[in-house]
1. Mind checking whether some residue in the stretch 353-369 is at pLDDT below 95 and among the aliphatic types (A, V, I, L, M)?
2. Could you run through the stretch 617-662 and say how many residues are closer than 23 Å to Ser428 by Cβ and of a type in the set (Ser, Thr, Tyr)?
3. Say we look at the stretch 140-158 and pick out the residues that are aliphatic (A, V, I, L, M) and either surrounded by fewer than 16 Cβ atoms within 10 Å (Cβ to Cβ) or touching a Lys or Arg at 6+ places or on another chain (Cβ under 7 Å) (or both); which of these is farthest from Ala238 (Cα to Cα)?
4. Do any strands (runs of 3 or more DSSP E) entirely within the stretch 355-457 hold 2 or more residues that are of a type in the set (A, V, I, L, M, F, W, C), in contact with a Lys or Arg (Cβ under 9 Å, 6 or more places away or on another chain) and away from the ligand (no atom under 16 Å from the Cβ), and if so, which?
5. Among the candidates Ala284, Ala238, single out the residue that is surrounded by 21 or more Cβ atoms within 10 Å (Cβ to Cβ) and not aromatic (Phe, Trp, Tyr).
6. Of the residues Ala538, Ala496, which is of a type outside the set (Asp, Glu), within 16 Å of the ligand (Cβ to nearest atom) and either farther than 19 Å from Phe641 by Cα or surrounded by 22 or more Cβ atoms within 10 Å (Cβ to Cβ) (or both)?
7. Any idea which residue in the stretch 174-201 is surrounded by the fewest Cβ atoms within 10 Å (Cβ to Cβ), counting only those that are in contact with a Gly (Cβ under 9 Å, 6 or more places away or on another chain) and at pLDDT below 95?
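The values are calculated or read from the model by the stated rules, or taken from the named source; none is laboratory data. Source: prediction; values computed, not measured. Cβ atoms come from the backbone with ideal geometry, glycine included; neighbour counts cover every protein chain shown.
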Amino acid sequence: MSYPSFQQKKLPYFNDIQPSQIEPQIQSLLTKNRQKLAEVLSQTGPYTWDNLMLPLEDMHDELNNKWAPLSHLHSVLETEELREVYNKVLPLLTQYNTELSQNEKLFQAISTLANSSEFAQLNAAQQKIIQNDIRDFKLAGIHLSADKKARLAMLQQKISQLATKFSENLLDATQAFTLQITDPNEVKNLPPQALELAIENAKRRGLEGYVLTLDYPSYSTALRFLDNRALRKQLYEAYTTRASELGPNAGQWDNTVVMEEILQIRHEMAQLVEFDNYADYSLATKMAKTAEEVLTFLNELVIKSKPIAEQEYQDIINFAKKLDGLDPIYAWDLPYYSEKLREQEFDFSPEALRPYFPIDTVLGGMFTLVNKLYGIHIQEQPNIEVWHKDVRFFAIYDEHNALRAGFYIDLYARPHKRDGAWMDECRSRRRMNGEIEYPVAFLTCNFMPPLGDQPALLTHDEVVTLFHEFGHCLHHMLTQIDYPTVGGINGVPWDAVEFPSQFMEYYCWEKESLDFIAAHYQTGAHLPDELYQKMIDAKHFQTGLQMLRQLEFALFDFRLHLEYNPEQIHPVATLLQTVREAVSVIPVPEFNRFANSFSHIFGGGYAAGYYSYKWAEVLSADAYAQFEENGIFDRVTGQAFLSNILEVGGSRDPMVSFVAFRGRKPTIDALLRHSGIN
Ligand code: ZN
């Protein structure tokens with residue numbers, strides 16, 4: 001079979017990127033865009049899609065095409081020079097975007113088009129772009145008086161400084177504490193990797209023995225494996241009082257006032273643009289419509305999972321009593337006894353699965369899966385220019401062998417590459433003078449590289465991660481929307497964007513799909529039934545406790561922004577206490593200052609939006625249930641998912657898309673069943 005190949009000229013030339021050229025290139029592109037915008041807005045005659053919105057889409061896309069490969073290189077192949085340029089260019093882009101969001105003439109022009117007779121003739125994607133723009137102008141305070149606008153801009157500056165301060169305090173507090181241990185007996189049960197790290201940490205500081213830190217991997221491992229209860233308590237206390245008025249560095253990097261100021265500013269910003277509170281402001285761009293809807297959703301999950309969590313907690317108490325005569329048990333004992341209980345119950349190490357997941361088998365299996373579901377074919381194209389020898393490029397073709405999209409895949413950890421796994425956009429689908437520009441994605445992971453002659457072998461967790469990120473990529477790449485701002489993942493509300501990625505994860509747990517995703521790297525044997533069963537059994541260990549923990553975070557975040565009242569003193573501590581009383585089954589020590597390190601909502605973008613994780617899980621579980629009903633590889637159901645969810649991207653309300661696929665609104669039943677909570 002012959003396939004048309006991707007053209008290099010449509011893709012970045014990574015080897016030609018000169019850091020010294022980046023700033024002038026971006027500067028000149030921004031100047032060009034500003035001139036172009038001024039021309040567009042000075043037109044005489046009525047505004048139309050073609051003379052207003054299309055040039056805007058083009059300007060946006062051209063800037064993205066230039067910036068995407070640079071920003072990507074900054075993440076995966078960082079150099080001093082690149083970092084410096086990146087930090088120089090970023091504020092230029094922020095300023096450009098602020099200018100656009102405050103451009104009254106542009107707002108008037110788009111509003112005129114929205115109210116014109118042409119609007120009704122436009123297709124759904126075009127209408128959605130216009131509606132989104134008008135919404136975002138309003139959220140940015142376009143209609144406010146000059147002094148209120150200035151106030152809003154000042155608050156925006158202030159809040160970004162406070163968020164940075166919050167993160168810096170947390171980082172400094174985390175790094176300030178270390179626990180030195182000199183007796184090897186105290187650390188003898190730490191896993192080998194953690195032990196090595198502790199020795200290295202000590203050496204680096206010129207100390208004897210072992211040093212434990214509050215970095216999460218080090219901390220969480222220590223709490224699970226340190227036999228000495230007093231040491232566990234010491235670590236727990238240091239960790240849960242970080243950046244607060246308590247603990248070993250009490251008051252030194254205290255986030256209490258920072259959090260209160262952030263809340264107060266968010267509240268004022270929301271009220272400036274005429275919302276009652278910040279939770280309502282946050283919902284203006286989300287799939288969930290009302291605060292009531294979010295609270296009802298979270299509370300229903302609490303009711304379902306609490307009895308299970310109570311039982312799981314009781315199991316740990318009983319186990320600790322039986323094993324060590326421990327009674328009562330405290331927060332710093334829970335991870336330790338949970339780990340021991342897990343070992344006893346399942347007799348299973350995730351490492352045992354690694355030989356069954358050689359990278360090429362996993363990739364091949366993943367491509368077979370999407371062929372079964374959507375009829376697409378994936379072919380490697382080795383002649384495309386990449387930024388590192390380990391990077392590979394693949395092209396996607398539809399059933400009739402027509403080109404659909406492309407993606408780069410960069411799988412292994414190496415120096416100067418950011419941690420974690422993620423997808424990013426390289427090119428967006430767009431129609432230019434009648435011709436399609438195909439979407440291209442970056443898929444990035446940090447797996448252990450292959451050693452010697454052995455292929456790279458993944459853990460099951462890593463396979464799940466790969467499928468998850470590939471799910472985001474497919475959303476971006478299979479879009480049939482020709483406008484970048486609502487194509488693929490763009491314009492998809494925050495609480496729905498994880499839906500296609502979480503959906504892919506389900507296939508990593510099915511025996512039927514594991515039969516082509518997994519094969520022993522030496523013998524080619526399938527995953528043995530016994531090992532598969534252990535993996536499935538261990539999946540739901542303490543599922544109720546895990547669910548409740550996420551719900552506690554989500555409810556705390558949401559109610560904190562919903563119920564905020566400037567008159568109240570200590571709003572954070574008071575609400576945290578209220579939520580814990582309602583949700584948690586585990587007593588939390590009085591000194592625990594969890595909120596002071598909750599960077600998702602104070603240092604990141606999750607304010608009044610932490611619930612999004614669970615929200616999207618409802619969609620993905622319920623959509624997957626449709627496949628369970630019709631056959632998990634059913635091509636007709638796959639086609640319906642492709643055309644109703646993946647292809648439409650952000651061009652319509654995700655609820656409309658969900659109902660079009662499922663024939664009804666989502667229910668939480670499938671999520672509960674898949675979480676082992678019924
Ligand atoms: Zn994701």
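1. Yes, there is a match, as at least one residue in the stretch 353-369 is at pLDDT below 95 and among the aliphatic types (A, V, I, L, M).
2. Matching residues across the stretch 617-662 total 3.
3. Among them, the one singled out is Ala146.
4. 392-397, 403-412
5. Unique residue meeting the criteria: Ala238.
6. Going through Ala538, Ala496 in turn, just one is of a type outside the set (Asp, Glu), within 16 Å of the ligand (Cβ to nearest atom) and either farther than 19 Å from Phe641 by Cα or surrounded by 22 or more Cβ atoms within 10 Å (Cβ to Cβ) (or both): Ala496.
7. Ile199
Listed here are the residues, each with its yes/no results for (1) in a helix (DSSP H, G or I); (2) among the small types (Gly, Ala, Ser); (3) free of Cβ contacts under 8 Å to residues at least 12 places away in the same chain.
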{"site": "Tyr564", "(1), (2), (3)": "no, no, no"}
{"site": "Gln577", "(1), (2), (3)": "yes, no, yes"}
{"site": "Ala582", "(1), (2), (3)": "yes, yes, no"}
{"site": "Glu590", "(1), (2), (3)": "no, no, yes"}
{"site": "Ile601", "(1), (2), (3)": "yes, no, no"}
{"site": "Trp615", "(1), (2), (3)": "yes, no, no"}
{"site": "Val618", "(1), (2), (3)": "yes, no, no"}
